[in-house]
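Novice: Input: one structure, supplied below.
Quick note: the coordinates plus some simple rules give every number you see, no bench work behind them. Given the structure is predicted, the values throughout are model-derived calculations rather than measurements. Virtual Cβ from ideal backbone geometry, glycine too; neighbours counted across all protein chains shown.
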Amino acid sequence: MLDIEGMSARYGEATALDGASLTVGAGEVVTLVGRNGAGKTTLLRCVMGLHRPAAGRVALEGRDITAAPAHRRARLGLGYVPDDRGIYAGLSVEENLTLPPVAAGSAWPLARVYETFPVLAARRRFPGGRLSGGEQQMLALARVLRAGARVLLCDEPTEGLAPVTVRQIGDILRGAKEHGVAVLLVEQNLRFATTVADRHYLLAQGRVVEALDNRDVKQREDELLAHLGL
Amino acid sequence: MTSFLQQLFNGLVSGSFYALLALGLAVIFGMLRVVNFAHGALYMLGAFGAVVLGDDAGLGFWWALLLVPAALAVAGMAMERLLVQRLTALDPLYNFLLTFGIALVCQDLLRMKYGSHSRPYDRAPFGGTVDLGLFDYPRYQVFVLAVSVVVCVAVWLLLTRTRIGTVVRASTERPELTRAFGIDTRRWVTPVFGFGVALAGLAGVLAAPMRAVNSDMGADLIITVFAVVVIGGLGSVFGSVVAGFAIGMIQALGNLYVPVLSQTSVYLLMAVVLLVRPAGLFGKEEHA
């Protein structure tokens, strides 16, 4: 579904990504783990078209999108959930939800969004800036699902949220996966990662240094946490 | 009491111009992150447009009110496409210099052709006065106030109730993120710029019958308008309109009670606002 090959990126002189390659299949949840500065966010930004990579290739369903501008990628089915959740403070919840044009046939009708996220239905006229962190994260996920994204790029969606909200986000991601959505998830919470993901990539210094499955992660949890500095 | 109210009304009328100009600056800044220093010159071109249409083509005020903003919108879009757009990726200072240069070129061209004396405009509709209860007021100026209020409300509705408005507000708040949501923000930039310029042109046409029409009229006014925009909050549409009317009234009351401060009051207020709320009264701190 999503193929990333030899992705390199720089910020000025600093190398953020150094030839990272990975793939995410349809209906698969894959996490990117790595310590701060390993290049996780940069990788998502390069895939989304918000940062111009120095080298490398991105393909969506076999189609090369390396040169496509961000808005084209979104319309081709990439859904971005940035690390700050990307909620427009000045737009209402409903405006936030309906801002992205519908990309594909798998888009959720608004009624289904509100059924799945009753909290958003109750707050549909609220400005996005007045939602709690958890509500904003729900909104960020609901927004890309409504647009019909077939690949979700989620940057630390559980960071700083209460356990009950984290569980809800897990449910949402598993639900998306069942519908064939591919999810590339940046996640520091390894316990959470193993409950939603099929595979994991360990990123260090801009490179994929290891591919792990859930059993590996559980067995080597202490070692990995030490590596992540958590 | 009557003179107080009358002065307040004078303030609302000059505030009408501030609001229209600040509104145009705000939508342009919001969408492009460009401070359009040519805005005052475009206002001046609007007023000249009305005079020239009248003198050379014999077209009356209503034609001018329709044609001049439309023509300036086209000119503004061309200016954005051909010049401003080339510099948006660079430091904002480049567009600052570009638009400032355009303003100077416009002013000098007009001065070369028409000299620096003021041109009379006598095609104003609504002669005479209207009885406002406590005092009589020039009918045309009541019309100016009404047009300004209607236009500001219409723009507000456009921004808050329509799809285009949502896209413009989203691009204003988070330009990069908005692209990641499938919206080609560049497509909207040119029309928004043209729209902001048309508002300046509209203000210019409205000014022609009641202000001295000369090549410097915009330069004199725009400095106050920039103070208005800073006080209201750079990029805040609501803030610019509210601050526009408020500052018109403050200036007018200053004239009445503290004549020495009437010109400086705006800048004093701006300094205070910047100290207390650096992003302006209705502005938001920029995202890092």
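Novice: Identify, by number, the condition in (1) within 18 Å of residue A:86 (Cα to Cα); (2) out of contact with any Phe, Trp or Tyr (no Cβ under 7 Å at 6 or more places or on another chain); (3) within 14 Å of chain B (Cβ to nearest Cβ) that residue A:150 doesn't meet.
Specialist: The number of the failed condition is (1).
Novice: From the list B:93, B:134, B:109, B:97, pick out the single residue that is outside any helix (DSSP H, G or I), surrounded by fewer than 14 Cβ atoms within 10 Å (Cβ to Cβ) and of a type outside the set (Phe, Trp, Tyr). Outline the logic, then answer.
Specialist: On the way: B:93 fails: outside any helix (DSSP H, G or I); B:109 fails: outside any helix (DSSP H, G or I); B:97 fails: outside any helix (DSSP H, G or I).
From the options B:93, B:134, B:109, B:97, the qualifying one is B:134.
Novice: Evaluate the following for residue A:62: is it over 16 Å from the mean Cα position of the chain (by Cα), at positive phi and more than 8 Å from chain B (Cβ to nearest Cβ)? Full working, then the answer.
Specialist: On the way: over 16 Å from the mean Cα position of the chain (by Cα): yes; at positive phi: yes; more than 8 Å from chain B (Cβ to nearest Cβ): yes.
So residue A:62 fits the description; yes.
Novice: Determine which member of the set A:197, A:142, A:204 is touching a residue at least 40 places away in the same chain (Cβ under 8 Å) and in contact with a strand residue (DSSP E or B) (Cβ under 6 Å, 6 or more places away or on another chain). Can you show your working first?
Specialist: Working: A:142 fails: in contact with a strand residue (DSSP E or B) (Cβ under 6 Å, 6 or more places away or on another chain); A:204 fails: in contact with a strand residue (DSSP E or B) (Cβ under 6 Å, 6 or more places away or on another chain).
It is A:197.
Novice: Those residues that are away from every other protein chain (no Cβ under 12 Å) and either under 18 Å from residue A:82 (Cα atoms) or surrounded by 16 or more Cβ atoms within 10 Å (Cβ to Cβ) (or both), I need them from segment B:150-165; list them, please.
Specialist: Passing the criteria: B:151, B:152, B:155.
Novice: Quick one: count up the residues across segment B:198-247 that are more than 21 Å from residue B:268 (Cα to Cα) and part of a helix (DSSP H, G or I).
Specialist: Within segment B:198-247, residues that are more than 21 Å from residue B:268 (Cα to Cα) and part of a helix (DSSP H, G or I) number 14.
Novice: Cβ-Cβ distance below 7 Å, separation of 6 or more or different chains: which pairs start in segment B:1-20 with a residue that is on the phi > 0 side of the Ramachandran plot and end on one that is of a type in the set (Val, Ile, Thr) and surrounded by 24 or more Cβ atoms within 10 Å (Cβ to Cβ)?
Specialist: Short answer, once both residue conditions are applied: none.
Novice: Now a separate question. Just to verify a result, which residue in segment A:100-116, among those that are surrounded by fewer than 24 Cβ atoms within 10 Å (Cβ to Cβ) and within 12 Å of chain B (Cβ to nearest Cβ), is nearest to residue A:130 (Cα to Cα)?
Specialist: A:101
Novice: For residue B:250, state whether it is within 14 Å of chain A (Cβ to nearest Cβ) and either not hydroxyl-bearing (Ser, Thr, Tyr) or not in a loop (DSSP other than H, G, I, E, B) (or both).
Specialist: Details: within 14 Å of chain A (Cβ to nearest Cβ): no; either not hydroxyl-bearing (Ser, Thr, Tyr) or not in a loop (DSSP other than H, G, I, E, B) (or both): yes.
Criteria not met by residue B:250.
Novice: Count, please, the residues in segment B:166-223 that happen to be among the hydrophobic types (A, V, I, L, M, F, W, C) and within 14 Å of chain A (Cβ to nearest Cβ).
Specialist: Adding up the residues that qualify gives 9.
Novice: Let me ask you something else. Are there any pairs with C-beta distances below 6 angstrom linking a residue in segment A:1-23 that is within 19 Å of residue A:213 (Cα to Cα) to a residue that is surrounded by 19 or more Cβ atoms within 10 Å (Cβ to Cβ) and hydroxyl-bearing (Ser, Thr, Tyr), with the two at least 6 apart or on different chains, and if so which?
Specialist: A:22/A:201
One line per residue, one yes/no per condition, for (1) out of contact with any helix residue (DSSP H, G or I) (no Cβ under 7 Å at 6 or more places or on another chain); (2) within 21 Å of residue B:43 (Cα to Cα); (3) surrounded by fewer than 16 Cβ atoms within 10 Å (Cβ to Cβ):
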residue	(1), (2), (3)
B:190	no, yes, no
B:195	no, yes, no
B:215	no, yes, no
B:241	no, yes, no
B:251	no, yes, no
B:263	yes, yes, yes
B:271	yes, no, yes
B:276	yes, no, yes
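Novice: Still on this model: Do you know which residues across segment A:67-99 are in contact (Cβ under 8 Å) with a residue 24 or more places away in the chain, surrounded by fewer than 17 Cβ atoms within 10 Å (Cβ to Cβ) and within 8 Å of another protein chain (Cβ to nearest Cβ)?
Specialist: Within segment A:67-99, just A:89 meets the criteria.
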